[in-house]
Amino acid sequence: MRIGILSRNSKLYSTRRLKEAATERGHEVKVVDYTRCYMNITSHRPQILLSGAELEFDAVIPRIGASNTFYGTAVVRQFEMMRTYPLNTSQAISRSRDKLRALQLLAREGIGLPVTGFARSTKDIEGLIHMVGGAPVIIKLLEGTQGMGVVLAETDKAAESVMAAFIQLDANILVQEFIKEAGGADIRAFVIGDKVVASMMRQGPEGEFRSNLHRGGSAQTVKLTPEERSTAVRSASKLGLRVAGVDMLRSNHGPVVMEVNSSPGLEGIEASSGKDVAGLIVEYLEKNAKRGKTKDRIQG
């Protein structure tokens, strides 16, 4: 099989592991910097080119960075027009990157979420804070990733000040209840198809409420409950993602989903679980990649 890995950096751990796993299984693999691609979008023969050469693959693995979502998903969509099988479709990637849209879709399906508020005006910030249960609250920029643009406001006054500042800067924000009982830890469930293939618990360093590994957090393997497994698989499915990293917190009322990642990193999950997740992704492609199988049937 000819497999294209759409990644801006061939030296990244996840990109390297995917290439190694596919090559070991006998596939022809090429890492493509999708931001350097250009497209012929005419209907009779759509093309994607890089340095004058036409790109043709049986399947592509999108590793689209958050800052390049618009152009990256356009490239994935063009491959779909060429009937190339995408590991995750362009629509599913866009859906997951829009945090508000993703949470609304998950809520519609009855999936557990933290109490979440969204507003535009500064006229009733106090009411918004009260709606999510009062301080402490988590304030998130919709465009933030990897823990950036996330603030813990420990008092109502602090929350009002942060929200007013963000809104004054014309930033879109989410306000969520703070799940104190999680103790600064979250769970990453790695979903491929309809199964959780690996999981880890990430713990933030002392004094840090964010558990992201690149911020000094640590990871260890964790056994998920049946409800946590079901929540992770349903979350990925409802957003149309074939491969996803589902981040959850353990709350007093069961697992709550914080985010669903369409390009989950492999380094932490492989190290903590000891599983060949890259190999499992390639195995999924071998079983499911068919020419023209590019449609997204998710509503919303």
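The values are calculated or read from the model by the stated rules, or taken from the named source; none is laboratory data. All values reported here derive from a predicted model rather than from experimental measurement. Here the Cβ positions follow ideal geometry from the backbone for every residue, glycine too, while neighbour counts run over all protein chains shown.
Among what's in the range 33-51 and is of a type in the set (Val, Ile, Thr) and touching a helix residue (DSSP H, G or I) at 6+ places or on another chain (Cβ under 8 Å), pick the residue that is nearest to residue 12 (Cα to Cα). Filtering the range 33-51 for residues that are of a type in the set (Val, Ile, Thr) and touching a helix residue (DSSP H, G or I) at 6+ places or on another chain (Cβ under 8 Å), the one nearest to residue 12 (Cα to Cα) comes out as 35.
Comparison of 135, 59 shows that the only residue that is surrounded by fewer than 20 Cβ atoms within 10 Å (Cβ to Cβ) and not aromatic (Phe, Trp, Tyr) is 135.
A residue that is surrounded by fewer than 17 Cβ atoms within 10 Å (Cβ to Cβ), modelled with pLDDT of 70 or more and outside any strand (DSSP E or B) can be found somewhere in the range 205-225.
Cβ separations smaller than 6 Å between residues 6+ apart or across chains give the following pairs from the range 278-300 residues that are touching a residue at least 60 places away in the same chain (Cβ under 8 Å) to residues that are assigned to a helix (DSSP H, G or I) and of a type in the set (S, T, N, Q): 296/91. Of the candidates 47, 78, the single residue that is surrounded by 12 or more Cβ atoms within 10 Å (Cβ to Cβ) and in contact with an Asp or Glu (Cβ under 6 Å, 6 or more places away or on another chain) is 47. Within the range 18-41, identify whether any single residue is free of Cβ contacts under 8 Å to residues at least 24 places away in the same chain, assigned to a strand (DSSP E or B) and either farther than 25 Å from residue 267 by Cβ or among the basic types (Lys, Arg) (or both), and answer yes or no. Scanning the range 18-41, I find at least one residue that is free of Cβ contacts under 8 Å to residues at least 24 places away in the same chain, assigned to a strand (DSSP E or B) and either farther than 25 Å from residue 267 by Cβ or among the basic types (Lys, Arg) (or both), so the answer is yes. Cβ-Cβ below 9 Å, separation at least six or inter-chain, first residue in the range 142-164 and more than 24 Å from residue 102 (Cα to Cα), second acidic (Asp, Glu) and at pLDDT 85 or above: which pairs? Matching pairs, first to second residue: 156/126; 160/126.
For the range 48-69, the tally of residues that are farther than 13 Å from residue 32 by Cα and either polar (S, T, N, Q) or at pLDDT 95 or above (or both) stands at 4.
Quick check, is residue 83 touching a Ser or Thr at 6+ places or on another chain (Cβ under 9 Å) and either within 30 Å of residue 58 (Cβ to Cβ) or free of Cβ contacts under 8 Å to residues at least 24 places away in the same chain (or both)? It is true that residue 83 is touching a Ser or Thr at 6+ places or on another chain (Cβ under 9 Å) and either within 30 Å of residue 58 (Cβ to Cβ) or free of Cβ contacts under 8 Å to residues at least 24 places away in the same chain (or both).
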